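Contents: one structure, followed by commentary.
Every number in this text was worked out from the coordinates using simple rules, so none of it is lab data. As the structure is a computational prediction, the values presented were derived from the model and not from experiment. Here the Cβ positions follow ideal geometry from the backbone for every residue, glycine too, while neighbour counts run over all protein chains shown.
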Amino acid sequence: MTSGSEDARAAGDPLRRLCYYNAGFLKQRRVRRIMELAGEPLRLGKPKAGDGVAVWGHSPYASRGEAVSAATGAPLVRIEDAFLRSVHPGRSGEPPLGLIIDHEGMHFDAGRPSGLERLLREHPLDDTALLDRARGGIARLREARLSKYNAHDVTLAPPDPGYVLVIDQTRGDASVRLGGADANSFREMLYWAQEDHPAARIVIKTHPETHAGQRAGYFTTEDASDRVTLLSDPVDPWSLLEGAVAVYCVTSQLGFEAILAGHRPVAFGRPFYAGWDLTDDRHPLLFPANRRGRSLTRPQLFACAMLLYPTWYHPCEDRLCTFEEALDWLEARVRAWREDRHGWQAGGMRLWKRGVLQQVFGRETRVVFSDAPARPPRRAMVWAGKAVEGADVVRVEDGFLRSRGLGADLVPPLSLACDDLGIYYDPRQESRLERMIAARADLRPDQQLRAERLIDNLIRLGLTKYNLGGALPDLPAGHRILVPGQVEDDASIRTGAGDIASNLALLQAAREANPDAVILYKPHPDVEAGLRKGAVEGAEAFADMILPDADPAALLAKVDEVWTMTSLLGFEALIRGKSVTVTGTPFYAGWGLTRDLGRVPARRQARPTIIGLAHAALIDYPRYFDPVTRQACAVETAVRRLTEAQVNRGGPALRLLAKAQGFAAGVSWLWR
């Protein structure tokens with residue numbers, strides 16, 4: 001997989017290797033790996049024929065490499081963080097998600113053209129697919145509230161709308177100096193913000209590194225007044241931009257994001273996004289026409305800056321990737337940080353689950369396991385089946401792409417769903433998934449494409465919730481109806497089955513309604529294993545064939561229809577284009593996609609497509625965990641792990657516990 005950075009390097013062939021002369025590259029393992037994958041590995045030493053010299057942007061130590069380049073004639077390559085970086089600023093130690101590798105200059109150095117400027121000036125930018133990707137990328141950043149750094153609090157309210165936003169930067173930053181600005185530029189900016197908007201409030205937003213105490217800004221509390229407010233709180237930048245009537249900047253990347261948010265920022269420096277008819281340029285030195293002056297649209301600017309210029313890296317899969325794949329990962333990473341940073345207190349959790357929950361939810365702050373009330377800001381979570389009705393807790397359950405093996409066999413999950421409203425299988429109250437399904441009734445083209453690709457991969461790879469495999473015998477000819485068995489004391493049956501609440505009753509109903517069909521009954525894997533309730537005596541009286549151990553994915557490919565109470569197999573049949581009749585009220589019923597024989601909540605009024613339903617259930621709702629790199633991941637990485645032979649099987653202790661559990665289930669008459 002390659003990234004758009006190849007376009008940015010089109011002016012020259014990749015160099016054999018890049019020599020460097022500062023310790024920063026030696027310490028930055030991620031940076032070295034990205035450069036290696038990009039075909040220009042970093043090495044210590046003197047450049048030879050075909051080599052180049054690498055420096056970090058225009059850092060104080062770049063002069064060493066610049067001197068070597070000048071003395072040897074080796075080409076100089078400047079490297080910097082991409083415009084979508086991480087949760088925390090780089091000074092916190094978090095590695096970057098992507099790099100800018102520029103063989104011509106650097107995007108924030110207005111004194112000479114850069115690879116980005118060349119793209120903006122020369123690229124046709126008329127490819128529909130490229131611009132559709134750009135529009136989708138802008139929409140995704142805005143929806144997920146993502147910026148270059150993302151340690152902001154999306155629950156913090158911005159100031160009341162109607163203010164003029166003035167953007168501060170860190171004092172002495174190279175982008176200010178090389179953008180033709182200085183401390184006076186910031187004073188001038190604040191003056192004109194007040195002069196241009198005499199009746200408006202002024203909000204000065206400080207830089208995240210200033211808020212963290214790492215670097216000083218150009219504004220201090222001395223600049224505050226009755227009219228001017230200094231905002232250092234980590235407010236979501238998109239909310240801040242949405243409440244502003246005007247935006248003033250010098251060279252900050254937030255000015256670029258202001259353009260994406262629909263503003264025409266007033267620029268007092270010479271940033272990369274100035275000079276393209278998207279800003280009100282107040283710098284006294286304008287760009288010459290042979291460098292800038294082309295009129296661009298927002299998607300065209302975004303396409304160059306985010307899709308074509310950077311080199312993006314996939315942290316879970318250790319490869320170069322597209323912007324969208326990098327964004328998939330960052331969304332998962334930021335979601336985990338936002339939900340976990342204050343810590344969790346988990347109640348009703350079995351011992352074997354605690355290690356898994358600690359891995360998934362304890363990355364930022366360790367999970368505390370206790371049934372006592374949680375003390376804020378910790379949040380309370382409980383396994384959904386153990387939750388007390390009406391309790392103010394976040395309910396946790398397995399996701400819909402769970403593992404290669406059963407939960408009853410204590411195989412750890414790759415996905416877990418957290419629901420702060422209810423839980424997906426209980427129709428008696430609204431769940432977070434219901435809201436997500438309703439919100440996906442209208443999909444953007446990028447959302448449609450992502451969900452379609454995911455569904456295609458699931459079908460092609462034969463993946464379902466548990467992925468147990470199993471041989472499929474020859475099936476009788478005719479109109480085949482699959483009736484999946486369920487665990488009869490499962491919470492989804494108790495809360496959502498309705499009048500038909502047993503496997504036998506479901507078989508009877510399916511046969512009565514379809515006397516001439518071929519009825520295929522598949523017992524639930526946990527029931528087959530003797531671990532849960534739901535065995536059917538005399539199933540042969542209603543089913544033409546009973547299919548123990550059959551692979552669900554292979555089976556769904558061979559049937560015409562599915563009858564179920566609340567089984568997830570109904571959802572898996574829907575995304576494979578099968579007709580589904582439900583007698584209960586699973587999460588996928590009531591949206592106009594199934595034949596509903598049970599009671600459907602009146603609140604389910606939206607009419608999503610199957611693609612929208614899949615986006616909500618498989619992309620939006622669960623959190624995914626990569627067992628290889630042990631970090632949050634996107635659904636696409638989870639799919640990749642499920643196709644690998646040895647993954648997520650649990651350790652020896654869990655397997656021993658699973659055997660003990662199986663033995664206990666086999667002699668349950670002794671203890672039940």
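Can you pick out the pairs among Lys465/Lys522; Lys522/Lys578; Lys353/Lys533; Lys465/Lys578 whose Cα atoms lie more than 19 Å from each other?
Numbers: Lys465/Lys522 15 Å; Lys522/Lys578 17 Å; Lys353/Lys533 22 Å; Lys465/Lys578 17 Å.
Where the Cα-Cα span goes over 19 Å, the pairs concerned are Lys353/Lys533.
7 Å from Cα along Cα→Cβ at both Asp127 and Arg354: what's the point-to-point distance in nm?
Once both label points are built, they end up 5.3 nm from each other.
With axes computed from alpha carbons, what is the tilt in degrees of helix 183-196 against the longest principal axis of the chain, rounded to the nearest 10 within 0 to 90?
Taking the Cα atoms of the chain, the angle to 183-196 is about 70 degrees.
Might you report the magnitude of the Cβ-based charge dipole of segment 489-621 about its Cα centre, with Lys and Arg at +1 and Asp and Glu at -1, to the nearest 20 debye?
Computed about the Cα centre, the dipole is about 620 debye.
Is the shape of segment 446-485 best called rounded, prolate or oblate, per the rule: a/c under 1.5 gives rounded, else a/b larger than b/c gives prolate, else oblate, with a ≥ b ≥ c the square roots of the Cα gyration tensor eigenvalues?
Taking the square roots of the gyration eigenvalues as a ≥ b ≥ c, segment 446-485 is prolate.
Only Cα pairs under 8 Å and at least 6 apart count here; give the relative contact order of the chain as a rounded whole percent.
11
Hey, got the Cα dimensions of segment 268-352 along the principal axes, in Å, largest first?
Projected onto its principal axes, the Cα set of segment 268-352 covers 68, 29, 18 Å.
I need the shape label for segment 98-203. Rule: rounded when a/c is under 1.5, else prolate if a/b > b/c, else oblate, with a, b, c from the alpha carbon gyration tensor.
oblate
Along the charge dipole of the chain, which of Tyr163, Ser147, Thr220 sits closest to the positive end, that is, farthest toward it, with unit charges on the beta carbon of Lys, Arg, Asp and Glu (+1, +1, -1, -1)?
Farthest along the dipole direction, towards plus: Thr220.
What longest region of the chain stays clear of GluC sites (Glu not before Pro) that DSSP places outside H, G, I, E and B and that have at most 16 other Cβ atoms within 10 Å?
The answer is 1-363.
Give me the base-10 log of I(q)/I(0) for the chain at each q in 0.11, 0.12 Å⁻¹, Debye formula, one uniform scatterer per Cα, rounded to two decimals.
-1.13, -1.26
Counting only C-alpha contacts under 8 Å and six or more residues apart, can you give the relative contact order of segment 492-591 as a whole percent?
In percent, rounded to a whole number, it is 31.
Could you please state, rounded to a whole Å, how far the C-alpha centre of segment 307-349 is from the C-alpha centre of segment 122-184?
Comparing the Cα centres of segment 307-349 and segment 122-184, I get a distance of 19 Å.
Please give the contour-minus-distance gain from Ala216 to Glu644: 0.36 nm per residue of separation, less the Cα-Cα distance, rounded to one decimal in nm.
149.2 nm
State the extension gain, in nm to one decimal, for the chain segment bounded by Ala554 and Glu540, taking 0.36 nm per residue of separation less the distance between their alpha-carbons.
2.9 nm
Measure nothing but the geometry: give the 0 to 90° angle between the long axis through the Cα atoms of 351-361 and the longest principal axis through the Cα atoms of the chain, rounded to 10°.
It works out to around 30 degrees.
On the principal axes of its Cα set, how long, how wide and how thick is segment 168-244? Give whole Å, largest value first.
Ordered largest first, segment 168-244 gives principal extents of 34, 25, 24 Å.
Once both labels are modelled 7 Å past Cα along the beta-carbon direction, what's the Arg460-Arg201 spacing in nm?
Label-label distance for Arg460 and Arg201, simple model: 5.2 nm.
Add +1 for every Lys or Arg and -1 for every Asp or Glu among the other residues with Cβ under 15 Å from the Cβ of Phe25, and state the total.
It works out to a net charge of +3.
Quick check: pseudo-label points 7 Å beyond the Cα along Cα→Cβ at Thr155 and Tyr191, how many nm apart are they?
For Thr155 paired with Tyr191, the spin-label model returns 4.3 nm.
To the nearest 20 Debye, how big is the dipole of segment 497-537 about its Cα centre, given +1 on the beta carbon of each Lys and Arg and -1 on that of each Asp and Glu?
The dipole magnitude comes to about 120 debye.
Could you tell me what percent of the DSSP beta bridges with both partners in the chain are antiparallel, to the nearest 5?
Details: 20 of 71 bridges.
For the chain, the DSSP antiparallel bridge percentage is about 30.
Please work out the Cα convex hull volume for segment 332-426 and give it in Å³ per residue.
Expressed per residue, the convex hull around the Cα atoms of segment 332-426 is 102 Å³.
Taking amide H atoms as placed 1.01 Å from N in the peptide plane, list the residues 5 or more away in sequence, or in a different chain, whose amide H sits under 5 Å from that of Val580.
Answer set, sorted by chain and number: Val562, Arg595.
Which value, in debye to the nearest 20, gives the size of the charge dipole of the chain about its Cα centre, when Lys and Arg are +1 and Asp and Glu are -1 at the Cβ?
Charge dipole of the chain: 1580 debye, to the nearest 20.
Please report the net charge: other residues with Cβ closer than 9 Å to the Cβ of Leu156, K and R +1, D and E -1.
Charge balance in the 9 Å sphere: -3.
Excluding Gly570 itself, calculate the net charge of residues whose Cβ lies under 13 Å from the Cβ of Gly570, where each Lys or Arg counts +1 and each Asp or Glu counts -1.
After counting each charged neighbour, the total is +2.
State whether segment 30-109 is rounded, prolate or oblate according to the following rule on the C-alpha gyration tensor (a ≥ b ≥ c being the square roots of its eigenvalues): a/c under 1.5 gives rounded; otherwise a/b larger than b/c gives prolate, and the remaining case gives oblate.
Numbers: a/c = 2.05, a/b = 1.63, b/c = 1.26.
Since a/c reaches 1.5 and a/b is larger than b/c, the shape of segment 30-109 is classed as prolate.
Please give the helix 62-72 orientation as an angle from the longest Cα principal axis of the chain, in degrees from 0 to 90, rounded to the nearest 10.
On a 0 to 90 degree scale, this one is about 70.
Based on the Kirkwood radius over alpha-carbon pairs, what is the Stokes-Einstein translational diffusion coefficient of segment 433-521 at 25 °C with 0.890 mPa s viscosity, in µm²/s? Don't skip to the end; give the middle numbers.
On the way: Rh = 16.7 Å.
The diffusion coefficient I find is 147 µm²/s.
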